[in-house]
Amino acid sequence: MINYLFNMTSSSLTLDDEGHSPDFRKPTAQVVTTQLLTASLLGLFALVSFSLLLKRLPKLYASRKYKNNGGLQLPTWDESSVFAWIPVVYKINDMQLLEYAGLDAFVFLGFFKMCIKFLSICSICAVFVISPIRYHLTGRYDDGSEYGDNSTILTYFPGHLTKRFSYLDKINPNYPEATYLFLLMYVVFTYFFTFLAIKMLISQTRLVVNTRQMFLGKQNTITDRTILLSGIPIELRDTKELKKRIEQLNIGKVSTITICREWGVLNRLHHCREEVMRQLELKFAECPVELLNNNERIGAENYSLNNNRNNIETVSTTEESSERIRGRQSDIENQYETSPEDDLDDNFLYSELQINERPTIRTSYWGLFGKKVDAIDYYWKQLKFIDQEIEDARKKHYSATPTAFVTMDSVANAQMAAQAVLDPRVNYFITKLAPAPHDIRWDNVCLSRRERLTKGYAVTTFIGLSSLFLIIPVSYLATLLNLKTISKFWPSLGKLLKENKWAQNLVTGLLPTYLFTLLNVVIPYFYEYLTSYQGLISYGEEETSLVSKNFFYIFVNLFLVFTLAGTASNYWGYLSDTTKIAYQLATSVKEFSLFYVDLIILQGIGMFPFKLLLVGSMIGFPLFKIQAKTPRQRKELYNPPIFNFGLQLPQPILILIITLIYSVMSTKILVSGLAYFVIGFYVYKYQLVFATDHLPHSTGKVWPLIFRRVIAGLLLFQLTMAGTLAGFEGGWVLSSWLLPLPIITFTYLYDFQNNYLPLLQYIALSSIKENESTETTGERTTTTSSNENYQYSYLVDGLDSPMLSTRETIS
């Protein structure tokens, strides 16, 4: 079926008397039906498999139900029934979603709901108005290469454009005005769909703003009262002086100030300590330990050295069924506290334990060479040494960085300070709201300004160059879709494919699909890896940055370049003459209509249900379960995977843009896009509520990214329709009627940037004051966020150092 689809797009331009290619007269309805049946079977298989696995492995596929959610009780269902979870997910409303999954999930799923409403109205118009009129006048339901005849393509030849719209000859010749009435319908619905999309965007923006103001205005946590201050002058990098300077500005009183210092050395020591601790836990788990009087096995889950008291603390044990075990641990602690300066004897911890075999390790060259020693003693001595190094390092002086966390006495004062311009000099006293403690990348906070800027510019430059470089393979990949283009660039291969039908189906059908999918999967994860080294202060900033990077890649490389290069006879010729871009875009869009129908059906109906299976976790679970030797590792097996908007959001935005571009020309793509967003909405709703965690604290700030990119899609939609209309004889008049649309679209974008964007970044003071007044009158109680339990750990042994990362405390 896929081979047939791609062969249709690469068929000969030779037409019969009816304007159809003699080689491909098979209606596309059968192609779409076959693809729909295949995708439906795949999706149904994934849905049934997930339902069965959810019943058998609930801690893996509904892990958030079994973890501590701050006392939050998630909805339950009858676990004896296979499909009982479906109505439960369906009944979760917006307010419950806000409570269970947070504001970011509310904004993300709100985008899907907006797309469902928009595409539903567009699909009704297309099914009952556009397609019947088009079929009555032209004999076609959709405008595009539906029969593989390429009759609607503007074929470029050097020096002129040959217009081939033979299917319009089917319009009644006695009524030539029907041609212009048909084109006028395109103009009318281009206006209607544009205004409908803008209305939906503004309506959803107001909903996000109101919900965000209501939700965040009620909170009074340390996070909400803290700002991040950067660009601090050298003379003010002192707690007392900085506090005095801020309070002189009359923006409120300061509760606490923590000036970040260059703790890079101390950071590396803590990372090294974590690695040694992990190895020590593994060696404990490898050592079979049995009590003399009973043969119960015990294991240490977490064995840590308290740096302040220099004592050993066993956090928990596995199968603690005997009071003697706990009593023995207490005796060990007491004995060690009475003689803290004595060296530990080799058998100190096991004086009353029978040890069958103690693990050993070689001391050099990655454990392959050197003297063989007792592994537990080896790592224990390393742990003692590193702890002493950390204790000494804490006593040293570290230079202050120009960054500080300032906690104000109220949320309103923090909001005013974050929005204020505090210094007339450029790049001095720059304020913004501080991320939550668990959202901060403490390693990057410790960086100096020069190091952070160097990392940021280096990664951005590398990603930009790699994106430009990827245009080349994507362009040549797109040529594989069209036999004519293959023959132009590689005549010998084109001749071979013409003579060998099987090879032609393989090269033009299967190969581009697999390569396209491979690029779409690998590159976003590669960008995620690079973004982690960009020096950004919070995980939330990394996530929003990743949304921008991945969308730029899939939109430019996997849509524009792929589409334009796939059908252009003289690709670089079109780029050299910008006046032909609109024609070429309209031509390529029509030529790729069946490709995108196939793509959206597969991604929506066929592939979306597979996201429920958490394929990565499912494949890795047996392997990780075998490798999990310590209680800590076995517990982490069932930790919910992290939901990353940077990986999940760009593709739905691109699908909406593609559907919008084809909204007037292809009813099949409209309906397919509607099915994509309906299925995706419920799949993501289940994942965000029951199966995955979203740790970053971006508080709904992803909506501006969505808004701007949908506006870009509207502009591309208008450009495509202008190119389509201009391709007809005399169509430039109707094409000029679309000129006001880009101006109107930019006007709404300007309005969004000036009036709505500040409300999506900050909390209005009236929202805060309203909540404070209702609290004093007792009309309602405040609803605090899950971050209430997590506070900034700034002070460690009297040193302003967040070395004990609070991100560890929530994992």
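Read-outs throughout are calculated quantities, based only on the coordinates presented, and are distinct from any laboratory measurement. No experiment lies behind these values; they were computed from the predicted model shown. Quick reminder, even Gly has a Cβ in these numbers, built from the backbone with ideal geometry, and neighbours come from all protein chains shown.
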Inset, instruction - Could you order peptides 680-693, 234-247 by the average number of other Cβ atoms within 10 Å of their residues, highest first? - result: 680-693, 234-247
Legend entry - Contour excess over end-to-end distance, with Cα ends at Ile744 and Leu493 and 0.36 nm allotted per residue: 85.5 nm
Inset, instruction - Report the paramagnetic label zone for Glu636: residues of the range 692-724 whose backbone N is under 11 Å from a point 7 Å from Cα along the Cα-to-Cβ axis. - result: none
Inset, instruction - Describe numerically, in nm with one decimal, the distance between label points set 7 Å from Cα along Cα→Cβ at His397 and at Trp732. - result: 7.6
Legend entry - Within the range 206-247, backbone nitrogen closer than 18 Å to the virtual label 7 Å beyond the Cα of Lys253 toward Cβ: 221-222, 225-227, 240-247
Legend entry - Cα centroid of the range 638-692 to Cα centroid of the range 209-227, whole Å: 28
Inset, instruction - Give the calculated FRET efficiency between Lys91 and Ser410 to the nearest 0.05, with a Förster radius of 41 Å applied to their Cβ-Cβ distance. - result: 0.60
Inset, instruction - Treating cross-link reach as a plain straight distance, find the lysines whose alpha-carbon is under 30 Å from the alpha-carbon of Lys395, omitting any fewer than eight places away in the same chain. - result: Lys240, Lys243, Lys244, Lys381, Lys384, Lys455
Inset, instruction - Rounded to the nearest Å, what's the spacing between the alpha carbon centres of the range 732-762 and the range 401-446? Just the number, please. - result: 32
Legend entry - Sites Asn754 and Lys432, calculated FRET efficiency, Cβ-Cβ separation with R0 25 Å, nearest 0.05: 0.85
Inset, instruction - Determine ³J(HN,Hα), in whole Hz, for all residues of the range 410-418 in sequence, where each value follows from phi through the Karplus function 6.51 cos²θ - 1.76 cosθ + 1.60 and θ = phi - 60°; x replaces Gly and Pro. - result: 8, 5, 4, 5, 5, 5, 5, 5, 5
Inset, instruction - Go through 699-709, 76-86 and give me the packing order, highest mean Cβ count within 10 Å leading. - result: 699-709, 76-86
Inset, instruction - Can you grab the distance from the C-alpha centre of the range 41-118 to the C-alpha centre of the range 232-252, Å, no decimals? - result: 48
Inset, instruction - Please give, to one decimal in nm, the separation of the simple spin-label points placed at Val521 and Met214, each 7 Å out from Cα toward the Cβ. - result: 4.2
